[in-house]
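What follows is a short report on a single structure.
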Amino acid sequence: MFLTPPNSTRRYYQLVYFVDGKRTKISTRTTDKREAEKFLKSFVPKPKEKRTESEAPKKKNDSIKLSLFFEEYKTNVRNTYSEKYLKKAVKPSFAALQKHIKDMPLNQISTRIIDQFISSASASSKHSASLYHRTLKAAFNKAVVWNYLEANPFNKIKAPKVPKSFPVFISESELIMILNNTQMQLMKDIFTTAFYTGMRLGELVNMKWNWIDFTENIITIKNSSEFNSKNKRERIIPIHQKVQTILQTRFQLGKLTNALVFNRYKSIKLNEDFVSKQFKKAVRAAKLNDKIHFHTLRHSFASALVQRGISLYAVKELLGHGNIKTTQIYSHLQKDNLLDAVNLL
């Protein structure tokens, strides 16, 4: 008998032993090596009982329940993705599924049940149904990896088609209008930095001085024990001249390398909702399109780059997208470049 450690497809230590010359394995149900070794010492293999031809194989009825799996999956998400993904996608998706069905074992959740759930959600909101589908499909894929399921019931269900709309973006002149209707200098600095870097709001409020290299003139989005970027990927953003002025002005106040760049009170991180509401307040005061929100600044950064002929792959790296498909929402802005290309024929 011997132990095999956890790997990418198996979460727990596994005990391997032989019965009648046949290799057999059993999960120790622990990730701790010492506990697994205790299991090894106390384990006594039972001889395999021969089954008569008339005996039908017994079906496995035991499986983790949806609520318990959700609790376990939340821990995995916290270790892998951002807290925002857990809050905005995972929690509402599981809540919607748990509202639709009882707290039943995972292996009893059939494709038919999932189809009914997605259809019901789609009737109310295709955007919500699409979110539930992709979020829960990823979760149930993890259940397969963890050996809670043999197959993912979402695999045969098509994701609802969501009407695609082009992202809203603003011009530099509209940014100036917003800044002119913003009272706090701190907010002006944050809005301007977002517009010229494409940084997410979570990245801005968590940015520390050790992210900034004035010599190389770059900002490096860094992961730490206190903060992780959306997909846990570090990336480099060149510092625009206007952003450089803002950062150098704030740095002259004598900041520590591990101190936050943008904060109202020492060592206290800004609340994202507060910043977002301050931006919306300024947008309305400027009497601009009410569809403009803080994330519009990120769209504006990307849109301006694409319209100036920067490749989508370069924009992808600057925005930190995990997939080029996400960046392709800006491809319609390349129409002038495409027209020029055709005119060269």
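Going down the table (LYS65/LYS126; LYS102/LYS158; LYS65/LYS99; LYS91/LYS230), which pairs top 19 Å between alpha carbons?
Cα-Cα > 19 Å for LYS65/LYS126; LYS102/LYS158; rest within.
Taking square-rooted eigenvalues a ≥ b ≥ c of the alpha carbon gyration tensor, is the range 66-145 rounded, prolate or oblate, where a/c under 1.5 means rounded and, failing that, a/b exceeding b/c means prolate?
oblate
For ILE218, which sequence-distant residues (separation of 5 or more, or a different chain) have an amide H within less than 5 Å of its own amide H, given hydrogens modelled in the peptide plane?
Close amide H contacts, sequence-distant or interchain: ASP213, ILE239.
What does the charge add up to near THR326, with Lys and Arg as +1, Asp and Glu as -1, over the other residues with Cβ less than 11 Å from its Cβ? Mind showing how you got there, number by number?
Numbers: positive: LYS230, LYS316, LYS325; negative: none.
Surrounding charge for THR326 is +3.
Could you give the semi-axes, largest first, of the ellipsoid that matches the range 278-327, computed as the square roots of 5 times the alpha carbon gyration tensor eigenvalues and rounded to whole Å?
Ellipsoid semi-axes (Å, largest first): 26, 12, 7.
Run lengths n ≥ 4 of DSSP H only: what is the helix-derived mean residue ellipticity at 222 nm for the chain, with -39500 (n - 2.57) per run over all residues, to the nearest 500? Please report the intermediate quantities before stating the final value.
On the way: 14 runs with 156 residues, N = 345.
That calculation yields -13500 deg cm²/dmol at 222 nm.
Equivalent-ellipsoid semi-axes (√(5λ), Cα gyration tensor) for the chain, whole Å, largest first?
49, 26, 20
In the range 78-183, what trypsin sites (Lys or Arg not before Pro) fall in a loop by DSSP, with at most 12 other Cβ atoms inside 10 Å?
Passing both the DSSP loop test and the Cβ count: LYS102, LYS156, LYS158, LYS161, LYS164.
Quick check on the range 2-42: take the gyration tensor over C-alpha atoms, sort the square-rooted eigenvalues as a ≥ b ≥ c, and tell me if it's rounded (a/c under 1.5), prolate or oblate.
Oblate.
Can you tell me, using C-alpha contacts under 8 Å and at least 6 residues apart, the relative contact order of the chain as a whole percent?
Numbers: 400 pairs, mean separation 46.6, N = 345.
Reported relative contact order: 13 percent.
All of the numbers you see were taken from the coordinates with simple rules; none came from a lab. Everything numeric in this text was worked out from a predicted model, so none of it was measured. All Cβ positions, glycine included, derive from the backbone under ideal geometry; neighbour counts span all protein chains shown.
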